Amino acid sequence: MPRSIIKVKGTMLLSDNRPAIARAASIIRGGGLVAFPTETVYGLGASAVDAKAINKIFVAKGRPADNPLIVHIAHVSQLEKVACNIPEKAFLLAEKFWPGALSLILQRSALIPPEVSAGLHTVAVRMPDHRAALDLVALSGVPVAAPSANRSGRPSPTSYSHVLADLTGRIDAVIKSDDCLIGVESTVLDITDQVPVILRPGGVTREALEQALNCKVLVSKPGGIGGTPVSPGMKYRHYSPEAALILLTGSEERRRKLSDIMISYYRRKGLSVGVLNTFNRGCSGNQIRADQLAYRLYRDLRRMDAAKVDLIIAEETVVSGLGLAVMNRLRKASDRIIRIF
Ligand code: TXA
Ligand code: MG
């Protein structure tokens, strides 16, 4: 091993240059686990054609076995290897949004072992918009299955330091690169039926999908259809900081007043209170842009955990554009949602 490579408790810290990525690719080919940057969040990759390697992902993350993984490809030509009976709209969406933050649910091909999809007959596929990620997948020579590179239930990692905090000693290597530009995960879109359904809102907006497909796109409710979650990952309390999180929704003016009252009440009681601002305090009607909120969401939650905050107060934001993904994560992270009329 070159002396320049740092290893902490068995986890190698690699840079994002080509030789280091080639090394990471050989770890993937050999059945190991490598965390790598994408434009959304850091992923924890393993060969998507190696059931043993896939099982290691579930162990390293402490991930429930019924939560399927996303398969990452480096070129559209790989799509026909990992999926079958691909509808025309998949190619249209790939053309428009790949590389990018869109995962398509398609029928799984025989190349992909059932472990990747937690036994489902479908598979989620995406081509990430990040040079290091694309190089890693291309040099590995196999599609790469990767969930977010966090311990299960923790906020997703948007910087390599978050990955190290959660997974040092549990995985073979981390590719150290810049912070993720989008900050929330990809949109998971089910196109196995006539009507496209967003199973998880994310980096590609519903509006952009509707425009590209020229049809209505549904958004599945958190509880799924008839109580059965269509995307298994959606049933777990997710993205959670260690502190309790209270989400305030409803009338903007009253919500802000209540937020101020709560902050000073809990602080007087001696609790350390963190505030996740969705608007610029003091400037009425001045919403923070949804892309900025998305960029900051997980890093702010992790920063507050590091500061040992007891309670986090967050306010709702608009549910259009990236705001839909931000609100989805906030709802899933919260211990309590207070609606004010
Ligand atoms: O941006 C992202 O999507 C990141 C980066 C690393 O690509 N990955 C990510 O993976 O967020 P993960 O495992 O944390 O979330 C995958 C989501 C889960 O909600 C899972 O249930 C859903 O996608 N999913 C995966 N395969 C599925 C399938 N066949 N059917 C329905 N939902 C699926
Ligand atoms: Mg995840």
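The values are calculated or read from the model by the stated rules, or taken from the named source; none is laboratory data. Computed from a predicted model, the values in this text were never measured in an experiment. Note that we place each Cβ from the backbone using ideal geometry, even for glycine, and neighbour counts take in every protein chain shown. For accessibility, only protein heavy atoms count, side chains too; no ligands or nucleic acids. Shrake-Rupley method; radii C 1.70, N 1.55, O 1.52, S 1.80 Å.
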Response to the item:
So, relative contact order of the chain in percent, Cα under 8 Å, 6 or more apart, is 19 percent
Worksheet entry | Dipole of the chain, positive end: most advanced residue of ILE191, ALA83, VAL116 [Cβ charges, Cα centre] | VAL116
Worksheet item: For the charge dipole of the chain, defined by +1 on Lys and Arg C-beta atoms and -1 on Asp and Glu C-beta atoms about the Cα centroid, which residue among CYS215, SER320, LEU258 has the Cα displaced farthest towards the positive pole?
Response: LEU258
Worksheet item: Using the Cβ atoms and a cut-off under 13 Å, what net charge is assigned to the surroundings of GLY45, where Lys and Arg are +1 and Asp and Glu are -1?
Response: +1
Item to complete: Would you kindly give the portion of the calculated P(r) for the range 252-334 that falls above 17 Å, as a percent of all Cα pairs?
Response: 48 percent
Worksheet entry | Theoretical gain in end-to-end length, ILE288 to ILE340 [0.36 nm per residue, Cα-Cα removed] | 16.7 nm
Discussion item. Return the equivalent ellipsoid semi-axes of the range 1-94 as a descending list in whole Å, where each equals the square root of 5 times an eigenvalue of the C-alpha gyration tensor.
Written reply: 27, 17, 12
Worksheet, complete the sentence: Checked against a 21 Å limit on the C-alpha separation, the offending pairs among LYS176/LYS332; LYS221/LYS308; LYS89/LYS216; LYS7/LYS176; LYS56/LYS308; LYS81/LYS176 are LYS176/LYS332; LYS221/LYS308; LYS56/LYS308; LYS81/LYS176
Fill in: Segments 19-29, 77-87 sorted - mean Cβ within 10 Å per residue, highest first
19-29, 77-87
Worksheet item: In the chain, what percentage of the DSSP-assigned beta bridges are antiparallel, given to the nearest 5?
Response: 45 percent
Worksheet, complete the sentence: With only helices counted (DSSP H, runs n ≥ 4, each -39500 (n - 2.57)), the per-residue ellipticity at 222 nm for the chain, to the nearest 500, works out to -9500 deg cm²/dmol
Worksheet item: According to the square roots a ≥ b ≥ c of the eigenvalues of the Cα gyration tensor, what is the shape class of the range 90-202, taking rounded for a/c under 1.5, prolate for a/b larger than b/c otherwise, and oblate for the remainder?
Response: prolate
Practice prompt. May I ask which residue of ILE105, VAL174, THR11 lies farthest towards the positive end of the charge dipole of the chain, with charges of +1 (Lys, Arg) and -1 (Asp, Glu) on Cβ and the Cα centre as origin?
Written response: THR11
Worksheet item: With Rg and the Kirkwood Rh both taken from Cα atoms, where does Rg over Rh land for the chain?
Response: 0.98
Worksheet item: So, counting K/R as plus one and D/E as minus one, what does the shell of residues with Cβ under 12 Å around GLY10 add up to?
Response: +2
Fill in: Charged-residue dipole, Cβ positions (Lys, Arg, Asp, Glu), the chain about Cα centre, Debye nearest 20
1080 debye
Fill in: Estimated translational D of the range 65-156 in µm²/s (Stokes, Kirkwood radius over Cα pairs; 4 °C; 1.567 mPa s)
96 µm²/s
Item to complete: Could you sort 63-73, 303-313, 322-332, 211-221 so that the peptide with the highest average Cβ count within 10 Å comes first and the rest follow in order?
Response: 322-332, 63-73, 303-313, 211-221
Worksheet item: Tell me, Kirkwood radius of the range 137-227 from alpha-carbon pair distances, in Å?
Response: 15.8 Å
Worksheet item: THR278: accessible area at probe 1.4 Å, nearest 10 Å²?
Response: 0 Å²
Worksheet item: Under 5 Å between amide H atoms, partner at least 5 residues away or on a different chain: which partners does THR187 have, H built in plane at 1.01 Å?
Response: LEU102, SER103, GLY202, GLY203, VAL204
Fill in: More than 13 Å apart - percent of Cα-Cα pairs taken over the range 45-105
67 percent
Fill in: Accessible surface of the chain, 1.4 Å probe, proportion on carbon and sulfur as whole %
53 percent
Worksheet item: How do 134-140, 50-56 rank on mean C-beta neighbours within 10 Å, highest first?
Response: 134-140, 50-56
